[in-house]
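Here's the structure, in structure tokens; my notes come after.
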Amino acid sequence: MLTSISAPQTRQIDPCDHAYWSQVRSHFMLERGHAYLNNAAIGMPPKPVGDAVAEGFRLMSENPSKAKRVFHDYIEDELRPSLAGFLGVQTGEIALARNATEGLYHIINGLDLSSGDQILMTTQEHPSAVRPWRVRAERDGIEIKEVHIPSPLVSEDDIVERISAAIEERTKVLFFCHVTRGGYLYPVKRLSALGRERGVISAIDGAQAVGMLDVDVAGIECDLYTNSLHKWFLGPAGTGFLYVNHAMQPSFTSLYAPGDDPGDDARRFETQGTYDLPVRAALGTALDFLNRIGIANIENRLRMLSDYLRQALLDVPRLRLLTSRAHDISSPGSTIFEFEGINAARWRGPMEAESFLHVDDHDRDGHQGLRISTHYYVTTDEIDRCVDKLREMVRREG
Ligand SMILES: Cc1ncc(COP(=O)(O)O)c(C=O)c1O
């Protein structure tokens, strides 16, 4: 039940090695005949992760005090350092959380900002961030300035130039996604460097990035970064983390622990009290599963699948691909597109009900399209089936 976490796989695996990826897929419990192409909404954890959660709750019922001790020690001694290692950061820089939204609440409320200060965010941020920023603006009189980022994206330079031009004397924070809901990839390292050059804090919503890309959080050189581990990392639902750079910690306020609290690392920023120990502990099983494949192999497999999908979509009548085919501004996990003269966002329900194809609508930034997520367990046959269904849906529109 408490998985000992394997060292990361270093062998390079061919993203098209059918036998290998079929064997990986055999560890997923997806209902027969369904194709799960909606991982960006909620991940589909492999069987060992679900089993670890179920077993963990059984132990909690059989012997609660022992279970509490065992889980606590595992989380502190094995999981936290391994997760920090996976992200390339120090153990003391990680606060465990229930999801990215919780991490965003900590970021938005922990920053030392006062009336008249300004924060910059882009027009493609998630409501989980936009809403608490608005609360903070109302409460403390800070100003939110939204930088328009066009959809589709133009280029890395375009994003950096727009944000750079928007920075003012009173700008205190640059807030942006690593990968947007639509799967657009922002140049996070360049944006963090821009923040440093201009004396502005960089805070990143990485909800869609970790587990999809080989993310070296320390290498981004940002101040704050948060993520939901139940998306691309394939952890159990209700898991995430907040990274607080060591240099940032003295000026970042915890909502729960006083400034002179002896805990001098990022654990001070965790929501306190008893939590769902078996769920958090099962993150160790998720990390072990991921490490056995290797994050670089996962990213390569995702690139292969999304390149395959984007190529196939080009032949669908009336379809306009919104995701760029250039790798520097598109993530390998999610692809968005729309149809000339059709509101395709309403196809999500029929595609699932009629053909067991799970996709998501993309009804924002002026688009009424769809989002397809291709995690490593997806097959090219499933992609073909989905593209055929899209052709059928277009024909139906007449
Ligand atoms: C970019 C982004 N940020 C934040 C979130 C919120 O994630 P969660 O509901 O896991 O907290 C999402 C969820 O889809 C997202 O796509």
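The values are calculated or read from the model by the stated rules, or taken from the named source; none is laboratory data. Every value quoted in this text rests on a predicted model; they were computed, and no experiment measured them. Counting neighbours? That spans all protein chains shown, and the Cβs are built from the backbone with ideal geometry, glycine included. Heavy atoms of the whole protein, side chains included, go into the accessibility calculation; ligands, DNA and RNA do not. Shrake-Rupley method; radii C 1.70, N 1.55, O 1.52, S 1.80 Å.
What number of residues within region 8-30 are modelled with pLDDT under 95 and of a type in the set (A, V, I, L, M, F, W, C)? Here the count works out to 0. In this structure, is residue 148 in the same structural domain as residue 226 (by TED's automatic domain parsing) and surrounded by 14 or more Cβ atoms within 10 Å (Cβ to Cβ)? No, not satisfied. A single member of 134, 139, 162 is assigned by TED's automatic domain parsing to the domain that holds residue 281, among the basic types (Lys, Arg), over 20 Å from the mean Cα position of the chain (by Cα) and within 16 Å of the ligand (Cβ to nearest atom), and it is 134. For residue 185, state whether it is open to solvent by 10 Å² or more (accessible area, probe 1.4 Å), within 16 Å of the ligand (Cβ to nearest atom) and over 30 Å from residue 277 (Cβ atoms). It is true that residue 185 is open to solvent by 10 Å² or more (accessible area, probe 1.4 Å), within 16 Å of the ligand (Cβ to nearest atom) and over 30 Å from residue 277 (Cβ atoms). Scanning region 90-121 for residues that are closer than 22 Å to residue 141 by Cα and away from the ligand (no atom under 15 Å from the Cβ) yields 109, 110, 111, 112, 113, 114, 115, 116, 117, 118, 119, 120.
Within region 294-318, being open to solvent by 10 Å² or more (accessible area, probe 1.4 Å) and over 21 Å from the mean Cα position of the chain (by Cα) holds for 308, 311, 312, 314, 315, 317, 318.
Among the residues making up region 25-36, a single one is open to solvent by 50 Å² or more (accessible area, probe 1.4 Å) and either within 16 Å of the ligand (Cβ to nearest atom) or part of a helix (DSSP H, G or I) (or both): 25.
Between 289, 252, which is open to solvent by less than 10 Å² (accessible area, probe 1.4 Å) and either touching an Asp or Glu at 6+ places or on another chain (Cβ under 9 Å) or of a type outside the set (Ser, Thr, Tyr) (or both)?
Just a single option satisfies the conditions, and that option is 252.
In region 106-122, the residue that is farthest from the chain's Cα centre (by Cα) out of those that are surrounded by 14 or more Cβ atoms within 10 Å (Cβ to Cβ) and in a loop (DSSP other than H, G, I, E, B) is 117. Could you please let me know if residue 46 is open to solvent by 10 Å² or more (accessible area, probe 1.4 Å), within 19 Å of residue 282 (Cβ to Cβ) and not basic (Lys, Arg)? It is false that residue 46 is open to solvent by 10 Å² or more (accessible area, probe 1.4 Å), within 19 Å of residue 282 (Cβ to Cβ) and not basic (Lys, Arg). Taking the numbered list (1) farther than 19 Å from residue 97 by Cβ; (2) away from the ligand (no atom under 13 Å from the Cβ); (3) open to solvent by less than 20 Å² (accessible area, probe 1.4 Å) in turn, residue 197 passes all entries but (3). Checked against (1) closer than 29 Å to residue 212 by Cα; (2) touching a residue at least 24 places away in the same chain (Cβ under 8 Å), residue 143 meets all criteria but (1). Residue 238 fulfils the conditions (1) more than 13 Å from the ligand (Cβ to nearest atom); (2) surrounded by fewer than 24 Cβ atoms within 10 Å (Cβ to Cβ); (3) within 16 Å of the chain's Cα centre (by Cα) except for a single criterion, (1).
Would you mind telling me which numbered condition in (1) touching a Lys or Arg at 6+ places or on another chain (Cβ under 8 Å); (2) surrounded by fewer than 17 Cβ atoms within 10 Å (Cβ to Cβ) residue 343 fails? Of everything listed in (1) touching a Lys or Arg at 6+ places or on another chain (Cβ under 8 Å); (2) surrounded by fewer than 17 Cβ atoms within 10 Å (Cβ to Cβ), residue 343 misses just condition (1). Being open to solvent by 70 Å² or more (accessible area, probe 1.4 Å) and either part of a loop (DSSP other than H, G, I, E, B) or touching a Phe, Trp or Tyr at 6+ places or on another chain (Cβ under 8 Å) (or both) is the filter here; which residues of region 350-364 pass it? 356, 363 - these are the residues of region 350-364 that are open to solvent by 70 Å² or more (accessible area, probe 1.4 Å) and either part of a loop (DSSP other than H, G, I, E, B) or touching a Phe, Trp or Tyr at 6+ places or on another chain (Cβ under 8 Å) (or both). For region 65-80, enumerate the residues that are in contact with a helix residue (DSSP H, G or I) (Cβ under 6 Å, 6 or more places away or on another chain) and more than 17 Å from residue 282 (Cβ to Cβ). None; the set is empty. Residue pairs whose Cβ atoms lie under 6 Å apart, sitting 6 or more positions apart in sequence or on different chains, and linking a residue in region 333-352 that is within 26 Å of residue 186 (Cα to Cα) to a partner that is among the charged types (D, E, K, R) and open to solvent by 10 Å² or more (accessible area, probe 1.4 Å), are 334/371; 336/371; 338/320; 339/318; 345/361; 345/363.
Using the structure shown, decide if residue 123 is under 25 Å from residue 184 (Cβ atoms), modelled with pLDDT of 95 or more and not small (Gly, Ala, Ser). Yes.
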